[in-house]
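First comes the structure, then the notes that go with it.
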Number of protein chains: 2
Amino acid sequence: MANLKWTKDAETIDGISARLFTVGRDGHTVPGVLWQPAAPAGRQPLILMGHGGSGHKRNARMTMLGKLFAGEYGWNAAAIDGPVHGDRGPVSDAGHPAYREMWQRPDVVEQMSADWRATLDALTGLETVDGKRVGYWGVSMGTMFGLPFVAGEPRVRVAVLGKAGMSGSSVLRSGVDVHFRKHAPQVRMPLLFSMQWDDERFERAGQLALYDALGAADKRLHAYPGQHVDNGPEAFVTQAEFLKRYL
Amino acid sequence: MANLKWTKDAETIDGISARLFTVGRDGHTVPGVLWQPAAPAGRQPLILMGHGGSGHKRNARMTMLGKLFAGEYGWNAAAIDGPVHGDRGPVSDAGHPAYREMWQRPDVVEQMSADWRATLDALTGLETVDGKRVGYWGVSMGTMFGLPFVAGEPRVRVAVLGKAGMSGSSVLRSGVDVHFRKHAPQVRMPLLFSMQWDDERFERAGQLALYDALGAADKRLHAYPGQHVDNGPEAFVTQAEFLKRYL
């Protein structure tokens with residue numbers, strides 16, 4: 001808790017508050033946002049949400065999910081900026097050179113996992129958070145960073161991953177396939193892997209191979225037609241219901 | 001309606017009635033069962049349910065689904081015996097020679113589609129059935145017969161298919177791949193295709209190829225670990241919620 005700072009008063013819209021925070025860790029700060037019901041009903045689950053490449057903690061997708069999880073389910077939902085994203089740097093499109101440079105740092109995945117662990121430490125200290133009911137939601141870059149994180153984090157009880165794979169140009173450029181090969185068998189919590197059947201960034205066979213490699217005994221693959229940015233009509237609600245089943 | 005005969009008084013258990021019927025068609029009769037709420041709330045959707053190989057219209061799976069659809073959703077749910085199955089003949093395990101002989105009849109798929117059409121004609125004449133809200137549920141043999149049926153039946157608005165594929169020994173023995181290749185592109189209604197990742201009867205690649213070939217713009221693949229007879233923990237509820245979304 002010592003490292004958690006609220007940096008802005010809560011904004012409350014439609015009964016959901018969004019609070020900006022930072023978590024200090026080893027001399028740097030991790031900027032985050034927490035959505036929760038303005039009137040929380042005791043300790044509730046926490047969903048950690050990893051945004052996609054070129055996105056940030058409060059982009060449209062994170063905001064939509066934060067409102068869904070807090071508004072429809074009464075949960076806490078937190079997102080943090082990825083390295084060189086949002087308040088941490090210049091990337092606002094995936095073509096920015098800093099995006100590629102980020103992946104070339106040998107410890108970028110380990111550092112982001114440490115950022116998530118520090119965030120989880122801090123947020124589970126809140127009296128509205130039930131530290132025994134923690135889930136993770138993140139696809140695309142949210143899986144590239146999130147999969148290694150959840151593989152090593154027993155406090156995360158359930159996960160939604162996807163839109164990423166073992167092979168394909170996006171994967172090879174990032175070098176993240178090394179982390180997938182190492183960590184996928186260690187992912188043991190119940191999980192839902194969501195993919196787009198016609199994904200132009202992560203090839204189909206590589207996504208199926210990643211699903212295959214995931215070590216969880218209780219897992220499911222959901223595949224919808226469409227490209228990387230598309231989503232099945234019921235995808236988010238189905239994912240939320242899946243999280244609810246295990247939290 | 002002229003061809004529909006109730007052959008047994010309704011049995012009502014837990015507020016759900018199960019009524020046996022036959023539908024006459026071209027000199028033979030098709031035996032079926034209809035589950036519905038004992039006190040139906042006006043015209044409700046109808047789910048046609050195709051049982052698996054060696055099963056029958058009232059086996060444990062059909063009964064479970066009939067009670068789920070009628071009890072939790074208030075729908076009508078009907079199953080009919082497949083050729084040489086249930087009241088139509090000797091097959092009670094997939095190793096019975098009559099099962100293989102059935103697939104060698106050149107018109108077996110067309111005849112079963114005609115049986116389904118006659119059943120649909122008859123049941124949509126009931127005052128408790130909304131003929132504009134009809135779905136199909138059938139995996140394995142329920143897809144081997146059901147896919148060609150729904151491909152040619154515009155009254156079926158939504159379908160759950162799966163546990164079948166374009167290749168593999170089960171498929172080749174049945175010869176049904178010819179029908180899948182012909183009819184899969186004609187399946188246009190929203191659909192959910194469910195498969196088992198480690199299916200020992202229908203190989204993985206052939207199931208993915210069948211999903212790929214389905215002509216529906218709005219489709220989703222759900223894959224769970226396990227063999228042919230296994231099912232994901234939330235599979236049936238997720239399928240029911242999918243049907244509900246489109247009915």
query: Under 6 Å by Cβ, and 6 or more places apart or on different chains, what pairs join a residue from region A:227-247 that is within 11 Å of A:Val158 (Cα to Cα) with one that is at pLDDT 95 or above and basic (Lys, Arg)?
result: A:Leu247/A:Arg133
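Kindly indicate which of A:Gly215, A:Gly232 is out of contact with any Leu (no Cβ under 9 Å at 6 or more places or on another chain) and farther than 22 Å from A:Arg117 by Cβ.
Details: A:Gly215 fails: farther than 22 Å from A:Arg117 by Cβ.
The conditions single out A:Gly232.
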- prompt: Quick check, is A:Leu192 out of contact with any Ser or Thr (no Cβ under 6 Å at 6 or more places or on another chain), in a strand (DSSP E or B), within 11 Å of chain B (Cβ to nearest Cβ) and aliphatic (A, V, I, L, M)?
  reply: yes
statement: Picking from B:Val178, B:Val156, the residue that is away from chain A (no Cβ under 11 Å) and under 16 Å from the mean Cα position of the chain (by Cα) would be B:Val156
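For region A:98-121, does any single residue satisfy the condition of being closer than 24 Å to A:Gln227 by Cβ and among the charged types (D, E, K, R)?
Within region A:98-121, one or more residues are closer than 24 Å to A:Gln227 by Cβ and among the charged types (D, E, K, R).
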statement: Quick count over region A:205-224, residues being surrounded by fewer than 23 Cβ atoms within 10 Å (Cβ to Cβ), of a type in the set (A, V, I, L, M, F, W, C), touching a Lys or Arg at 6+ places or on another chain (Cβ under 9 Å) and outside any loop (DSSP other than H, G, I, E, B), is 2
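With the requirement that a residue be of a type in the set (Ser, Thr, Tyr) and under 16 Å from B:His51 (Cβ atoms), what does region B:110-149 give you? Walk me through how you get there before you give the answer.
We begin by selecting, within region B:110-149, every residue of a type in the set (Ser, Thr, Tyr); these are B:113, B:119, B:124, B:128, B:136, B:140, B:143.
Within region B:110-149, B:Ser113, B:Thr119, B:Tyr136, B:Ser140, B:Thr143 qualify.
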statement: With criteria (1) more than 14 Å from chain A (Cβ to nearest Cβ); (2) closer than 23 Å to B:Asp93 by Cβ, B:Asp198 comes up short on (1)
- request: Would you check which residues across region B:206-218 are closer than 16 Å to B:Thr143 by Cα and either in contact with a Gly (Cβ under 9 Å, 6 or more places away or on another chain) or modelled with pLDDT under 95 (or both) and list them?
  value: B:Gly206, B:Gln207, B:Leu208, B:Ala209, B:Leu210, B:Tyr211
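Among the listed residues B:Lys67, B:Lys5, which satisfies the condition of being of a type in the set (Lys, Arg) and touching an Asp or Glu at 6+ places or on another chain (Cβ under 9 Å)? Break it down stepwise before answering.
On the way: B:Lys5 fails: touching an Asp or Glu at 6+ places or on another chain (Cβ under 9 Å).
Every option except B:Lys67 fails the conditions.
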field: Number of the condition not met by A:Arg157 [criteria: (1) of a type outside the set (A, V, I, L, M, F, W, C); (2) surrounded by fewer than 24 Cβ atoms within 10 Å (Cβ to Cβ); (3) over 19 Å from A:Phe69 (Cβ atoms); (4) touching a Phe, Trp or Tyr at 6+ places or on another chain (Cβ under 8 Å)]
entry: (3)
- prompt: So which of B:Arg100, B:Arg88, B:Arg61 is basic (Lys, Arg), surrounded by fewer than 23 Cβ atoms within 10 Å (Cβ to Cβ) and modelled with pLDDT of 95 or more?
  reply: B:Arg61
- line: Restricting attention to region A:160-176, the residues that are at pLDDT 90 or above, buried (at least 19 other Cβ atoms within 10 Å of the Cβ) and either more than 12 Å from A:Pro148 (Cβ to Cβ) or out of contact with any helix residue (DSSP H, G or I) (no Cβ under 7 Å at 6 or more places or on another chain) (or both) number exactly 5
query: Does B:Val229 satisfy being away from chain A (no Cβ under 11 Å) and either among the small types (Gly, Ala, Ser) or loosely packed, with under 15 Cβ neighbours inside 10 Å (or both)?
result: yes
- request: Check whether at least one residue in region B:36-45 is crowded, with 21+ Cβ neighbours inside 10 Å and among the hydrophobic types (A, V, I, L, M, F, W, C), and report yes or no.
  value: no
message: Against the definition (in contact (Cβ under 8 Å) with a residue 24 or more places away in the chain and basic (Lys, Arg)), how does B:Arg43 come out, yes or no?
response: yes
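Here are B:Arg25, B:Arg19, B:Arg61, B:Arg43: which of them is among the charged types (D, E, K, R) and under 15 Å from B:Ala240 (Cβ atoms)?
Values: B:Arg25 fails: under 15 Å from B:Ala240 (Cβ atoms); B:Arg19 fails: under 15 Å from B:Ala240 (Cβ atoms); B:Arg43 fails: under 15 Å from B:Ala240 (Cβ atoms).
After ruling out the rest, the residue left standing is B:Arg61.
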- request: Count, please, the residues in region B:179-200 that happen to be surrounded by fewer than 20 Cβ atoms within 10 Å (Cβ to Cβ) and either aromatic (Phe, Trp, Tyr) or closer than 21 Å to A:Lys219 by Cβ (or both).
  value: 3
statement: Counted residues in region B:119-150 being surrounded by fewer than 23 Cβ atoms within 10 Å (Cβ to Cβ), more than 21 Å from B:Pro31 (Cβ to Cβ) and in contact (Cβ under 8 Å) with a residue 40 or more places away in the chain come to 4
message: Considering only region A:72-88, I want to know if a residue exists there that is closer than 15 Å to A:Phe236 by Cα, touching a residue at least 60 places away in the same chain (Cβ under 8 Å) and charged (D, E, K, R).
response: yes
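Scan region B:204-226 residue by residue and report those that are of a type outside the set (A, V, I, L, M) and either at the interface with another protein chain (Cβ under 8 Å from one of its Cβ atoms) or out of contact with any helix residue (DSSP H, G or I) (no Cβ under 8 Å at 6 or more places or on another chain) (or both). Can you show your working first?
Step one: of region B:204-226, the residues of a type outside the set (A, V, I, L, M) are B:204, B:206-207, B:211-212, B:215, B:218-220, B:222, B:224-226.
Correct list: B:Arg204, B:Gln207, B:Tyr211, B:Asp212, B:Asp218, B:Lys219, B:Arg220, B:His222, B:Tyr224, B:Pro225, B:Gly226.
The values are calculated or read from the model by the stated rules, or taken from the named source; none is laboratory data. Just so you know, these numbers come straight off a predicted model, no measurement behind them. Note that each Cβ is placed from the backbone with ideal geometry, even for glycine, and that neighbours are counted across all protein chains shown.
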